[in-house]
Amino acid sequence: VAAEPVLRALAAELAGEPFSVQLADRDCRILDIWCDDRTLDSAFDDIGLVVGAAADEQVLGTNGIGTAAETGRGIAVHGEEHFLAGLKGVSCFGHPIRHPLRGRTEGVLDITVAGGRAHPLFAPLLSRAARDIEERIVETARDGDRRLFLAFQEATRRRSSPIVVLGSDVVLTNRSAVT
């Protein structure tokens, strides 16, 4: 729900380019694919990279989705760096999407472009899209969770003393409270 408007806007901005954007859940299962390139779409079909497919490293080896989920950070995988032969002709940029209120990875966003190396601006573009999705997660969160998170953010901006916020199923702490 949080990702759909962000990814629709991203796809519109990149229309006509040889790209594909994939959204995967925390288990690296493909939730949705936006693709404006027949060659990429066909290549993905050939290797079984379709909605519902697993894209974790155990299944596909090194790839934008699985490797970003495994490392917990944004990653670029170019051409021959891919494990799977069917992905060696593309560049992928994967970025985890973290739940800002719970701190856990909720999914992974990936942009894949044809060719062995893609424009270096795709990585920050994808990172920004992931942050936009994270912001929408907060906006669409339950009112109580959102209020707790916003109070925590405000408190941590003003002081460095230990701060702990407790909700029904949310615990937020700053580093001072943990050490």
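Hey, rough spin-label estimate for Val59 and Arg142, points 7 angstrom out along Cα→Cβ, what's it come to in nanometres?
3.1
Using just the helices of the chain, give the 222 nm mean residue ellipticity in deg cm²/dmol: DSSP H runs with n ≥ 4 each add -39,500 (n - 2.57), and the total is spread over all residues, rounded to 500.
Per the formula, -12000 deg cm²/dmol.
Let me spell out the model: positive unit charges on the Cβ of Lys and Arg, negative unit charges on the Cβ of Asp and Glu, origin at the Cα centre of the chain. What dipole size does that give, in debye rounded to 20?
My answer is approximately 1040 debye.
About its Cα centre, what dipole magnitude does the range 60-109 give when the only charges are +1 on Lys and Arg Cβ and -1 on Asp and Glu Cβ, stated in debye to the nearest 20?
240
Taking the dipole about the Cα centre of the chain, with the C-beta of Lys and Arg at +1 and of Asp and Glu at -1, give me whichever of Leu172, Thr39, Gly74 is farthest to the positive side.
Farthest along the dipole direction, towards plus: Leu172.
If I build a Gaussian network model for the chain, linking alpha-carbon pairs within less than 10 angstrom, which residue out of Arg146, Arg158, Arg98 has the largest mean-square fluctuation?
In this elastic network of the chain, the residue with the biggest mean-square fluctuation among Arg146, Arg158, Arg98 is Arg158.
Taking Cα centroids, how far is the range 5-48 from the range 127-160 in Å?
A separation of 27 Å, based on Cα centres.
What is the set of long-range amide H partners of Ile97 at a cut-off below 5 Å, with H atoms built 1.01 Å from backbone N?
For Ile97, whose amide H was placed from the backbone, the distant partners under 5 Å are Glu106, Gly107, Val108, Leu109.
Quick one: grab the alpha carbon gyration tensor of the range 98-179, order the square roots of its eigenvalues as a ≥ b ≥ c, and give me rounded if a/c is under 1.5, else prolate or oblate depending on whether a/b is larger than b/c.
prolate
Enumerate the calculated ³J(HN,Hα) couplings along the range 76-92 in order (Karplus 6.51 cos²θ - 1.76 cosθ + 1.60, θ = phi - 60°), each rounded to whole Hz, writing x wherever the residue is Gly or Pro.
10, 10, 10, x, 5, 5, 5, 6, 6, 4, x, 10, 5, x, 10, 10, 10
Given Cα pairs under 8 Å that are at least 6 residues apart, what percent is the relative contact order of the range 21-86?
Details: 82 pairs, mean separation 17.9, N = 66.
Dividing the mean separation by the residue count of the range 21-86 yields 27 percent.
Relative contact order for the range 54-171: what is it in percent, counting Cα pairs under 8 Å that are at least 6 residues apart?
Relative CO of the range 54-171 lands at 19 percent.
Calculate one ³J(HN,Hα) per residue across the range 8-14 by plugging θ = phi - 60° into the Karplus curve 6.51 cos²θ - 1.76 cosθ + 1.60, and present them in order as whole Hz with x for glycine and proline.
These are the phi-based 3J(HN,Hα) values: 5, 5, 4, 4, 5, 5, 9 Hz.
With only Lys, Arg, Asp and Glu charged, each at its Cβ (+1 for the first two, -1 for the last two), find how big the charge dipole of the range 1-106 is about the Cα centre; round to the nearest 20 debye. Can you show the working numbers first?
Values: 9 positive and 17 negative charges, 89 e Å.
Taking the Cα centre of the range 1-106 as origin, the dipole is about 420 debye.
Just so you know, all these numbers are worked out from the coordinates, no wet-lab data involved. Note that this is a predicted model, so its numbers are computed, not measured. Note: ideal-geometry Cβ built from the backbone for every residue, glycine included; neighbour counts use all protein chains shown.
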